[in-house]
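So the structure is just underneath, and the comments pick up after that.
The values are calculated or read from the model by the stated rules, or taken from the named source; none is laboratory data. Because the structure is a prediction, the values reported are computed rather than measured. Here the Cβ positions follow ideal geometry from the backbone for every residue, glycine too, while neighbour counts run over all protein chains shown. In case anyone asks, the SASA skips ligands and DNA or RNA and just uses the protein heavy atoms, side chains included. Shrake-Rupley method; radii C 1.70, N 1.55, O 1.52, S 1.80 Å.
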Amino acid sequence: MGGRRPEELEPGETVLWTGQSPPERRNRWLRLGFLGCVLGLFVLGAAGGWDIVFRVAGIALTCTLLERYSMKRTLTRGRYTVTTRRVLVEGLWWGRPIWRTERLADLVQPSITDYRGGRAVEFGDREKRELTGHRASGALIAPLALFVGDEANQVLEVVRAAQKR
């Protein structure tokens, strides 16, 4: 994963394709669960002392930050950009932008898979736990799928052509 923002192209790099995944349905129960946890913390503070609330809130904050790192590493939904050298995925985490960058040279050959509601260009197969690729450092790359729907064939050809360069 690169540290630079996706809109910053490397010298000699050009954009080949951009697109977006279909919007994901948000579960209303998750929001209610979050509000329930906040209410529970206030009840716990009133009943058992505020020091317990601060400990629980600290643990929750740590878990949230770890979730951000994990989500950035495994991001597959959002806005996609395929360049001559990379695949970029931009998304939101709690309303803040996050992005994932993978080098095409590090990824295995993609294929098209069907999923609920559409088609995706996928590097490896998540269900069969096939290898997505590995970085020059030897680290494995988390599964990567571009949920592009009807544009899957076009995106597959663009990615394969870019990988041959």
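Structure values in brief
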quantity	calculated
For Thr113: the one exception among (1) at pLDDT 85 or above; (2) under 13 Å from the mean Cα position of the chain (by Cα)	(2)
Answer from Gly45, Gly12, Gly19 - the residue that is part of a helix (DSSP H, G or I) and at pLDDT 70 or above	Gly45
Among the candidates Phe123, Phe54, residue that is out of contact with any Lys or Arg (no Cβ under 8 Å at 6 or more places or on another chain) and modelled with pLDDT of 80 or more	Phe123
Near pairs, Cβ below 6 angstrom, 6+ apart or cross-chain, from segment 36-60 (β-branched (Val, Ile, Thr)) to any residue that is open to solvent by less than 60 Å² (accessible area, probe 1.4 Å) and part of a helix (DSSP H, G or I)	Val53/Leu41; Val53/Gly45
Segment 97-118, residues that are assigned to a strand (DSSP E or B) and free of Cβ contacts under 8 Å to residues at least 40 places away in the same chain	Pro97, Ile98, Arg103, Thr113, Asp114, Tyr115
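Quick grid of which residues meet (1) assigned to a strand (DSSP E or B); (2) open to solvent by 30 Å² or more (accessible area, probe 1.4 Å); (3) in contact (Cβ under 8 Å) with a residue 40 or more places away in the chain:
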site	(1), (2), (3)
Ala120	yes, no, no
Asp125	no, yes, no
Ser137	no, yes, no
Leu146	yes, no, yes
Asp150	no, yes, no
Asn153	no, yes, yes
Glu157	no, yes, no
Arg160	no, yes, yes
Gln163	no, yes, yes
